[in-house]
Amino acid sequence: KQWYQRRVRGNIALISRMQDKGTLGNIVVNIWGKICLKLKDVVETKPELEEEHYERVGDSLKFLKHHFQNNLGEKAVPEERLMAQPAFTQVVDTMELQKMDTTELIIRHYKEQSEERGERSTGAGVIDLKLSLKERRDGKAILFAKLLGARELIALDTNGKSDPFIQLQVVPHHLFPDCELKQSTVKKGTLEPIYNEMFEFIIPQDQICNGVLVLTVFDYDFISANDFEGEAMVRLTDLPRNSEQHVKWTMALHRPKQDSIYKILAGRVSDKIACKFVDIRRKAMEAEEFMPAESGEPSSTGSKVNLAPRGAES
């Protein structure tokens, strides 16, 4: 901290001699942003650090903000401009995440990942399926998932095709330990597989509010590891309960983003729950090279789809 203080005082004395207030403000804000990003990286990748460490990081931020505001005289940068920088928000948010319990972080991860999924295609394809959720008197519920097929998948084999299969899993795993991973059959040499396969999951009713159904598409490879194509998520709370008919859904496949929560949990190597989560998510979170870059426009091969139910069907 003392080293930072000496460096900051020296740099502030140097740049404060600049005459142009606007230029100086831009320089200060740029320096502030870079420092915040560096602190974010430290906090994000050091899970073994104790509470005292995060307090020191917070003190460093307050110290820097104070000097940028009060040691430049009339050229001082307004507090609201410093606090409005995305890097500042990121480091503060990351410190709060690092303080959270592993199970809380996992629930939050799936919640945020499922909420971020848009209604447009990303060029990775779509999945068609029917879903229903029926409650039982014993405090359990049955999730029925009929996997119809997939369309517009990415060609990952040299012949311009893929050998797709789909895995279904109810997460977070620590809340649904009895929900085993389900898997479809492999469809050879196609980008438009048809499955018509039914799967069931028995889940506790009191955890429906935290549950997410994840569907992950892989390209089967006999020799090497299966290639990740994309995934789709649906929150169990979005499903109608006790309906006599299954509801048809069309879901866009997406490339998940490696968020701060994943990075934090990946660093908790002595935490068994965190390690289990990372093991489950690693294939998707670290397979970005297989996916087309997402943009604001649908790809030339993709079509706009709705993640909302398409209507009740028997």
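The values are calculated or read from the model by the stated rules, or taken from the named source; none is laboratory data. What you see is a predicted model, and the numbers here were worked out from it, not measured in a lab. Quick reminder, even Gly has a Cβ in these numbers, built from the backbone with ideal geometry, and neighbours come from all protein chains shown. The accessibility values were calculated without ligands, DNA or RNA, using every heavy atom of the protein model including side chains. Shrake-Rupley method; radii C 1.70, N 1.55, O 1.52, S 1.80 Å.
Data overview
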item: Residue check, Val170 in contact with a Gly (Cβ under 8 Å, 6 or more places away or on another chain), within 15 Å of Ala141 (Cβ to Cβ) and in a strand (DSSP E or B); result: yes
item: Selection status of Pro172, open to solvent by 60 Å² or more (accessible area, probe 1.4 Å) and under 22 Å from the mean Cα position of the chain (by Cα); result: no
item: The stretch 154-167, residues that are in contact with a Leu (Cβ under 8 Å, 6 or more places away or on another chain) and part of a loop (DSSP other than H, G, I, E, B); result: Ile154, Ala155, Lys161, Ser162
item: Exclusive hit being charged (D, E, K, R), modelled with pLDDT of 90 or more and crowded, with 17+ Cβ neighbours inside 10 Å, set Glu200, Glu180, Glu231; result: Glu231
item: Qualifying residue in the stretch 218-228 (condition: crowded, with 22+ Cβ neighbours inside 10 Å and under 22 Å from Thr102 (Cα atoms)); result: no
item: The lone exception for Val247 - which of (1) open to solvent by 40 Å² or more (accessible area, probe 1.4 Å); (2) more than 27 Å from Ala274 (Cα to Cα); (3) β-branched (Val, Ile, Thr) it fails; result: (1)
item: Filter result (outside any helix (DSSP H, G or I) and among the aliphatic types (A, V, I, L, M)) within the stretch 245-280; result: Val247, Met251, Ala252, Leu253, Val269
item: Residue match in the stretch 117-131 (condition: at negative phi, within 22 Å of the chain's Cα centre (by Cα) and among the hydroxyl-bearing types (Ser, Thr, Tyr)); result: yes
item: Yes/no for Lys134 being basic (Lys, Arg) and part of a strand (DSSP E or B); result: yes
item: The stretch 145-185, residues that are among the acidic types (Asp, Glu) and free of Cβ contacts under 8 Å to residues at least 24 places away in the same chain; result: Glu180
item: Filter pass, Gly125 being within 19 Å of Lys248 (Cα to Cα) and touching a Leu at 6+ places or on another chain (Cβ under 6 Å); result: yes
item: Residues satisfying the stated conditions in the stretch 183-220, i.e. polar (S, T, N, Q) and more than 20 Å from the chain's Cα centre (by Cα); result: Gln183, Ser184, Thr185, Thr190, Asn196, Gln205, Gln207
item: Every residue from the stretch 78-105 that is of a type outside the set (Lys, Arg), under 17 Å from Val43 (Cβ atoms) and part of a loop (DSSP other than H, G, I, E, B); result: Gln85, Met100, Asp101
